[in-house]
1. From the C-alpha gyration tensor of the range B:33-117, pull out the three semi-axes of the equivalent ellipsoid (sqrt of 5λ each), sorted largest to smallest, in whole Å.
2. Which of the peptides A:545-551, A:312-318, B:106-112 is most tightly packed, and how do the rest follow, going by the mean number of other Cβ atoms within 10 Å of each residue?
3. As I understand it, the value is the acute angle between the Cα axis of helix A:345-359 and the longest principal axis of the Cα atoms of chain A; what does it come to in degrees, rounded to 10?
4. Restricting things to Cα coordinates, could you compute the convex hull volume per residue of the range A:257-378 in Å³?
5. Determine, from the Cβ-Cβ distance of residue A:197 and residue A:315 and an R0 of 41 Å, the FRET efficiency 1/(1 + (r/R0)^6), rounded to the nearest 0.05.
6. Which shape class, rounded, prolate or oblate, goes with the range A:53-140 when its Cα gyration tensor gives a ≥ b ≥ c as root eigenvalues, a/c under 1.5 marks rounded, and past that a/b bigger than b/c marks prolate?
7. Quantify how strongly other chains surround peptide B:76-88 by giving the mean number of their Cβ atoms within 10 Å of each of its Cβ atoms.
8. On C-alpha positions alone, give me the angle between the axis of helix A:378-394 and the longest principal axis of chain A, in degrees, nearest 10.
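Throughout, read-outs are computed from the coordinates displayed, never taken from laboratory work. Not measured: the values here are computed from a predicted model. Cβ placement follows ideal geometry from the backbone for every residue including glycine, while neighbour counts extend to all protein chains displayed.
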């Protein structure tokens with residue numbers, strides 16, 4: 001006891017999430033009050049505390065029940081996977097059923113509850129219990145006539161429990177305006193946990209809140225919790241921080257052309273992908289491709305569907321050439337199908353959290369995320385989705401969410417305004433033109449990669465999804481048969497244009513040939529003229545030379561050498 | 001009287017289950033009937049338990065002379081016995097016989113209520 005004054009020791013409950021929000025568990029060696037209205041899970045919380053203590057922490061426990069006998073308790077908790085009988089046999093847990101019936105009791109004078117103390121003491125000693133549950137001690141108030149005696153004795157009981165050094169859970173029914181009907185909170189002052197079972201718009205959510213925890217910091221919010229076949233789990237949703245790691249690893253989309261649009265490699269691992277679009281644009285098909293591809297690599301996929309059954313999804317996947325059934329058999333693909341209205345928002349979170357923990361998927365698909373909007377206000381839904389995406393991201397799970405956009409809405413406005421949370425946003429849209437609807441796909445954003453900004457036509461074929469270029473030109477975007485028609489038209493036009501061009505080219509060639517012919521003719525004429533002229537020049541020269549020679553001979557004869565050249569020149573000037 | 005009570009308790013508390021030391025005495029003029037089997041649960045010799053035992057004895061002598069058995073069970077010695085009769089409050093007087101079982105808690109100082117509790121008030 002004195003040790004606890006310096007630093008409060010805690011006793012781990014082993015209950016999923018509860019140890020997180022209490023930062024270690026319940027105050028060790030002290031009683032904790034768990035209160036709440038009928039059917040909110042007090043007994044179960046207490047029982048799980050004991051069972052987990054016995055199984056996980058080797059701390060035997062005593063369950064003192066005022067409302068149910070050992071047999072009933074054993075049956076009740078067997079459905080949650082606790083084998084109380086076995087634990088009792090192994091001397092790990094003692095169940096002591098205290099039966100109290102007012103009509104059989106007559107008060108005739110002074111008394112105390114020493115009998116209860118003795119029983120408890122005996123039970124504790126018989127197994128060396130470290131944990132004690134008293135459920136619900138308030139039954140004493142209806143069973144015993146004198147509340148004053150009871151109050152004094154309860155005070156003594158809690159002091160006594162502390163002195164025993166056992167960590168105790170006392171349960172109490174919620175009262176009008178008080179935590180418990182008989183004011184147990186007056187006695188148990190160290191730690192008070194309140195359970196609540198609230199129904200809002202016909203959807204019930206169980207919530208847990210730590211009202212007080214003396215000497216310790218603790219989460220103060222209301223945390224949703226879940227009771228299912230594996231027991232109790234609390235989801236400390238708001239404790240999720242924003243410190244998940246980012247990776248460069250990529251996850252192929254399953255559609256090569258889409259990979260190409262996303263920087264050639266696909267989505268980032270651990271990123272969140274939003275696929276939004278109107279009805280029938282192929283959102284689910286896109287998800288199926290991702291799942292199929294991931295499973296074929298041996299990764300685990302969790303498919304959370306809220307509109308189609310698993311069988312329907314598998315059948316539909318077959319129609320586009322994807323066989324998902326073997327993955328289910330191999331345990332790589334797990335379908336979780338539940339209507340959104342099946343439980344409250346927080347409950348969905350808890351469920352998803354649990355699934356993630358148990359199944360450990362690499363890929364998660366939420367189809368559609370918009371289903372959630374029916375079960376809460378926009379703010380609530382957004383907060384919930386934010387938490388959910390945080391959980392998924394922090395678990396390093398690539399998440400693909402589909403979002404249905406209703407006709408007439410702005411396509412880029414998704415119902416729940418989650419787009420800012422998403423790393424990659426693919427927008428699928430109908431393109432209605434010329435009496436037919438075709439599908440177009442854009443990558444609206446994709447954080448951290450150079451993605452294509454082009455629209456691609458999205459074809460769903462028997463062999464899966466294919467993306468093709470759309471017709472972009474002449475100020476319009478065409479898809480489907482209109483694209484084909486336009487392409488054919490263009491082809492025809494281009495053929496005509498090409499022929500025309502050929503014709504012009506040929507014409508030009510011809511003109512060139514004519515020109516060349518003419519040039520040749522002129523040149524030939526010139527050449528013949530030149531030849532004639534040159535010939536005559538040569539003839540004259542020869543004549544002249546001959547003449548000069550003759551003159552030289554004559555001059556020689558006349559002995560007039562010097563003047564011979566002069567006369568020759570004069571001849572030339574002629 | 002208190003001395004008797006003490007001895008009574010001591011003997012019974014040694015092995016109350018087996019050695020049922022009864023304070024049975026033959027009835028004196030009272031209509032002979034069923035034996036009344038009474039168990040008084042106490043925890044040690046607190047003033048309350050001593051008072052309860054004395055009160056019980058006086059009452060039995062007065063109303064059930066000769067047809068009663070009292071067994072005093074000290075839960076400090078035999079805590080496991082508390083479970084059987086669903087004892088919480090101490091002292092508790094349990095009328096095992098005649099049936100139905102009756103439980104009377106407290107030090108039995110309110111004689112009227114004890115008589116009502118034991119169904120003796122009606123019988124009188």
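1. Numbers: eigenvalues 74, 44, 25 Å².
Rounded to whole Å, the semi-axes are 19, 15, 11.
2. Details: A:545-551: 12.7, A:312-318: 17.0, B:106-112: 20.1.
Peptide ranking by packing, descending: B:106-112, A:312-318, A:545-551.
3. Tilt relative to chain A: about 80 degrees.
4. Working: hull volume 14.8 nm³, N = 122.
With only Cα atoms used, the range A:257-378 gives 122 Å³ per residue.
5. Values: r = 38 Å, r/R0 = 0.94.
My answer for the efficiency is 0.60.
6. Details: a/c = 2.96, a/b = 1.65, b/c = 1.79.
It comes out oblate by the Cα gyration axes.
7. On the way: counts 3, 0, 2, 10, 5, 3, 12, 9, 0, 2, 8, 7, 18.
The shielding value for this peptide is 6.
8. Value to nearest ten degrees: 80.
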